[in-house]
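A short worksheet on the structure shown next.
The values are calculated or read from the model by the stated rules, or taken from the named source; none is laboratory data. Keep in mind the model is a prediction, meaning the values are calculated, not measured. Cβ atoms come from the backbone with ideal geometry, glycine included; neighbour counts cover every protein chain shown.
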Amino acid sequence: MSFSSMYVSFMASARLILLFAAYATTVPMVHAQVDTFEFQTAEQQQRFRQLSDELRCPMCQNTNLSGSSGGVAEDLRREIHRMILEGMTNTEIERFMFERYGDFIFYKPRLRMETLFLWFGPLIFLLIGGAAAIVVSRKAGETEKRNPRLDNAQREKLQALLKAKG
């Protein structure tokens, strides 16, 4: 097989791989589902967007409802749409979601007894780390002050020991 025929074969394979990659990345976009909800006012539509952006999909680990294509997220978006049209407030909708899914549904969990560590844990760890750094720094300073200098006789004895060992 000549070099030119190997080159042509390689280029054909590369084109097939590029075509497959292009197809694989566009197929999911073609099949992505888009919700179309009708609202009576622009304010209702804004509330829907705000709520679906602030609430997390219970099925998708870290995706909000508006960014998830999962079935659960689709159902929850429909539920939010229904509740908005029924005249429920954002607080009532959030309460409904909390009762059904717990704190996980919120990207920013509510400040309650159960979530105190979640809110203040990083600050506690930062204070503990800072205190530990201060203690270690002070002990290192004290150790430097306590280390006595060797006099000439001690230095000669140490050198003799090192020569005998080495």
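So which residues in the stretch 35-85 are in a loop (DSSP other than H, G, I, E, B) and over 18 Å from TYR101 (Cβ atoms), if there are any at all? Write out each step before concluding.
Of the residues in the stretch 35-85, the ones in a loop (DSSP other than H, G, I, E, B) are 35-41, 57-63, 65-70.
Result: ASP35, THR36, PHE37, GLU38, PHE39, GLN40, THR41, SER69.
Scanning the stretch 74-104 for residues that are in contact with a Pro (Cβ under 7 Å, 6 or more places away or on another chain) and of a type in the set (A, V, I, L, M, F, W, C) gives a single hit, PHE104.
Quick one: would you say MET88 is in a loop (DSSP other than H, G, I, E, B), closer than 30 Å to SER68 by Cβ and either touching a strand residue (DSSP E or B) at 6+ places or on another chain (Cβ under 8 Å) or modelled with pLDDT of 90 or more (or both)?
Considered against the rule, which asks whether it is in a loop (DSSP other than H, G, I, E, B), closer than 30 Å to SER68 by Cβ and either touching a strand residue (DSSP E or B) at 6+ places or on another chain (Cβ under 8 Å) or modelled with pLDDT of 90 or more (or both), MET88 comes out as yes.
Please verify whether ALA73 is surrounded by fewer than 12 Cβ atoms within 10 Å (Cβ to Cβ) and of a type in the set (Gly, Ala, Ser), treating the condition exactly as stated. Taking the combined requirement at face value, the residue does not satisfy it.
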